[in-house]
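A.B. asks: Quick one: this structure, given as structure tokens, is what I'll be asking you about.
The values are calculated or read from the model by the stated rules, or taken from the named source; none is laboratory data. This is a predicted model, so every value here is computed, not measured. Neighbour counts are summed over all protein chains in view; Cβ atoms, including those assigned to glycine, are modelled from backbone coordinates with ideal geometry.
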Amino acid sequence: MTTGASHVLKKRLLLGITGGIAAYKAAELARLLTQGGIDVQVVMTQSACRFVGPVTFQSLTGNPVYSDLWETNAAQNMAHINLSRTVDMILVAPASADFIAGLAHGLADSLLATLCLARDCSLMIAPAMNRQMWENPATQRNLTMLRLDGIKIIGPASGEQACGEIGIGRMVEASVLAETVQAAFQTSSSLESKNVLVTAGPTFEAIDAVRGITNKSSGKMGYAIAQAAVEANAKVTLVSGPTCLAPPAVDKLIHVVSADDMLHAVQAEISETDIFISVAAVADYRVAKISSRKIKKSDKKFSVELIPNPDILLAVASLPRPPFCVGFAAETEDLEKNAEMKRRKKNLPLLVANLAQDAIGSDESELILLDDTGKHVLPKASKTEQARLLIKHISLLYKR
Ligand code: C5P
């Protein structure tokens with residue numbers, strides 16, 4: 001686990017720059033994207049380096065710039081594969097006519113071309129060239145092939161060109177490209193067509209006909225997460241223990257009382273579930289023998305035998321093909337240490353830790369997200385806001 005804490009998982013973009021006078025506009029683009037909270041990794045072709053220096057991009061993004069397919073000193077082993085595996089999207093801006101031709105034919109003659117070929121993320125290009133090069137049937141043929149391959153083409157715009165001519169071929173302005181990238185990331189954090197199962201609230205473990213054991217969980221966090229998943233267009237099932245809350249507009253709401261009821265409700269849904277978010281404060285123990293009648297009061301000592309409840313999350317995470325599982329840990333001390341131990345024990349890709357005394361029953365919470373990329377702190381905010389940030393984080397991790 002890394003020790004450095006960031007607020008949320010940043011989206012990562014590989015910005016490819018090819019040779020053309022519009023390469024100078026890519027500096028502004030790198031600045032806007034970085035300012036917009038995106039982790040930008042620049043890769044330049046050799047000819048792009050003749051127009052703008054890599055140091056400019058290194059300074060603007062804070063990341064090393066790569067350009068050489070044969071770089072032996074690069075920190076990245078097999079850089080061409082690793083770089084494209086660690087990003088969420090590639091944007092080539094400007095994309096020259098020559099680069100577009102190579103891309104259309106699957107060439108791997110530069111580091112950037114190799115990365116575009118060896119990728120499993122989406123690719124967008126912003127062409128920039130002289131108008132006759134743009135209008136040439138060969139270029140148009142190549143662009144048709146790229147469109148068929150699912151590559152998004154942004155622009156070009158028309159206007160005055162570097163060569164003095166007027167026509168179509170100018171690279172779209174940096175601000176427009178930055179907005180397009182942000183919008184594409186927005187869409188990618190949607191959970192459209194995903195089945196999300198959320199458990200929420202406390203459980204109630206009966207002692208007799210009228211009494212029972214429960215805890216102080218209000219269900220607010222679980223309900224807020226179900227609502228945020230609905231907003232992200234997921235198909236949401238909420239399995240709720242006893243709460244006093246108005247339920248969000250989920251696709252399916254299942255009311256349960258005990259941990260055992262909750263386990264059965266979850267098991268019935270799990271084969272259809274893509275993402276399981278276990279927010280419920282499930283009682284760890286239940287009464288061994290529940291009395292069907294109200295137990296009479298007496299002056300004598302009275303004790304009940306408690307037996308462990310099933311661990312619902314552990315059962316789901318241990319399935320041969322588990323959904324993406326998210327756990328919660330409310331701790332009163334040694335928060336991070338205990339939470340990370342739980343994450344490992346239950347083999348969870350993500351665990352959300354909070355201080356029990358701050359979070360339980362309250363409208364606000366500070367959350368610490370622990371995943372394979374490290375620790376991400378969501379400073380104190382309303383549970384509604386935290387839930388939205390958490391759903392974004394989950395969708396990003398899920399899609400990686
Ligand atoms: O109780 P514990 O701290 O281990 O809870 C961590 C996670 O496990 C929570 O996400 C909780 O919903 C889940 N859990 C469960 N079944 C239990 C106990 C906890 O699903 N019996």
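A.B. asks: Report yes if A281 is within 11 Å of the ligand (Cβ to nearest atom), within 21 Å of S218 (Cα to Cα), in contact (Cβ under 8 Å) with a residue 12 or more places away in the chain and touching a Pro at 6+ places or on another chain (Cβ under 7 Å), otherwise no.
C.D. replies: On the way: within 11 Å of the ligand (Cβ to nearest atom): yes; within 21 Å of S218 (Cα to Cα): yes; in contact (Cβ under 8 Å) with a residue 12 or more places away in the chain: yes; touching a Pro at 6+ places or on another chain (Cβ under 7 Å): yes.
For A281, the condition - within 11 Å of the ligand (Cβ to nearest atom), within 21 Å of S218 (Cα to Cα), in contact (Cβ under 8 Å) with a residue 12 or more places away in the chain and touching a Pro at 6+ places or on another chain (Cβ under 7 Å) - is met.
A.B. asks: Of everything in the range 233-259, what is crowded, with 17+ Cβ neighbours inside 10 Å and over 30 Å from Q186 (Cβ atoms)? Give them in sequence order.
C.D. replies: Going through the range 233-259, the residues crowded, with 17+ Cβ neighbours inside 10 Å turn out to be 234-241, 243, 248, 250, 254, 256, 258-259.
Correct list: G241, T243, I254, V256, S258, A259.
A.B. asks: Tally time: how many residues in the range 377-391 are buried (at least 16 other Cβ atoms within 10 Å of the Cβ) and either among the hydroxyl-bearing types (S, T, Y) or under 22 Å from P322 (Cβ atoms) (or both)?
C.D. replies: Counting residues in the range 377-391 that are buried (at least 16 other Cβ atoms within 10 Å of the Cβ) and either among the hydroxyl-bearing types (S, T, Y) or under 22 Å from P322 (Cβ atoms) (or both) gives 3.
A.B. asks: Please go through the range 228-251 and give me each residue that is farther than 15 Å from I277 by Cα and assigned to a strand (DSSP E or B), ordered by number. I'd like the intermediate steps shown before the answer.
C.D. replies: Step one: filter the range 228-251 for residues farther than 15 Å from I277 by Cα, giving 231, 233, 242-249, 251.
None; the set is empty.
Yes/no per residue for (1) in contact with a Ser or Thr (Cβ under 6 Å, 6 or more places away or on another chain); (2) assigned to a strand (DSSP E or B); (3) touching a residue at least 60 places away in the same chain (Cβ under 8 Å):
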position	(1), (2), (3)
C116	no, no, yes
D120	no, no, no
Q132	no, no, no
R147	no, no, no
G155	no, no, no
G159	no, yes, no
A162	no, no, yes
Q182	no, no, yes
Q186	no, no, no
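A.B. asks: Would you confirm, using the coordinates I've provided, whether A268 is under 19 Å from R388 (Cβ atoms), free of Cβ contacts under 8 Å to residues at least 60 places away in the same chain and within 27 Å of the chain's Cα centre (by Cα)? Spell out the reasoning first.
C.D. replies: Numbers: under 19 Å from R388 (Cβ atoms): no; free of Cβ contacts under 8 Å to residues at least 60 places away in the same chain: yes; within 27 Å of the chain's Cα centre (by Cα): yes.
No, not satisfied.
A.B. asks: For E366, work out the one condition from (1) modelled with pLDDT of 90 or more; (2) more than 14 Å from G222 (Cβ to Cβ); (3) crowded, with 18+ Cβ neighbours inside 10 Å it doesn't fulfil.
C.D. replies: Among (1) modelled with pLDDT of 90 or more; (2) more than 14 Å from G222 (Cβ to Cβ); (3) crowded, with 18+ Cβ neighbours inside 10 Å, the lone unmet condition for E366 is (3).
A.B. asks: Moving to a separate point now. Being buried (at least 19 other Cβ atoms within 10 Å of the Cβ), among the basic types (K, R) and more than 9 Å from the ligand (Cβ to nearest atom) is true for just one of R321, R344, R293, R286. Which residue is that? Reasoning before the result, please.
C.D. replies: Details: R321 fails: buried (at least 19 other Cβ atoms within 10 Å of the Cβ); R344 fails: buried (at least 19 other Cβ atoms within 10 Å of the Cβ); R293 fails: buried (at least 19 other Cβ atoms within 10 Å of the Cβ).
Going through R321, R344, R293, R286 in turn, just one is buried (at least 19 other Cβ atoms within 10 Å of the Cβ), among the basic types (K, R) and more than 9 Å from the ligand (Cβ to nearest atom): R286.
A.B. asks: Let me spell it out: the conditions are (1) closer than 16 Å to S84 by Cβ; (2) buried (at least 19 other Cβ atoms within 10 Å of the Cβ), and L29 meets all of them except one. Which number is the exception?
C.D. replies: Condition (1) is where L29 drops out.
A.B. asks: Another question, if that's okay. Exactly one condition in (1) in contact with a Leu (Cβ under 6 Å, 6 or more places away or on another chain); (2) among the β-branched types (V, I, T); (3) at pLDDT below 95 is false for T332; which is it?
C.D. replies: It is condition (1) that T332 fails.
A.B. asks: Oh, and also: Provide a single number: the residues in the range 283-315 that are touching a helix residue (DSSP H, G or I) at 6+ places or on another chain (Cβ under 6 Å) and of a type outside the set (G, A, S).
C.D. replies: Our first condition is that a residue be touching a helix residue (DSSP H, G or I) at 6+ places or on another chain (Cβ under 6 Å); within the range 283-315, this holds for 283, 309-310, 312.
Subset that is of a type outside the set (G, A, S): 309-310, 312.
So the count comes out to 3.
A.B. asks: Here is a further query. Just one of the numbered conditions (1) within 16 Å of the ligand (Cβ to nearest atom); (2) out of contact with any Gly (no Cβ under 6 Å at 6 or more places or on another chain) is not true of E272; which one?
C.D. replies: (1)
A.B. asks: Of the conditions (1) modelled with pLDDT of 95 or more; (2) assigned to a loop (DSSP other than H, G, I, E, B); (3) among the hydrophobic types (A, V, I, L, M, F, W, C); (4) in contact with a strand residue (DSSP E or B) (Cβ under 7 Å, 6 or more places away or on another chain), V210 clears all except one; give me its number.
C.D. replies: Every listed condition holds for V210 apart from (4).
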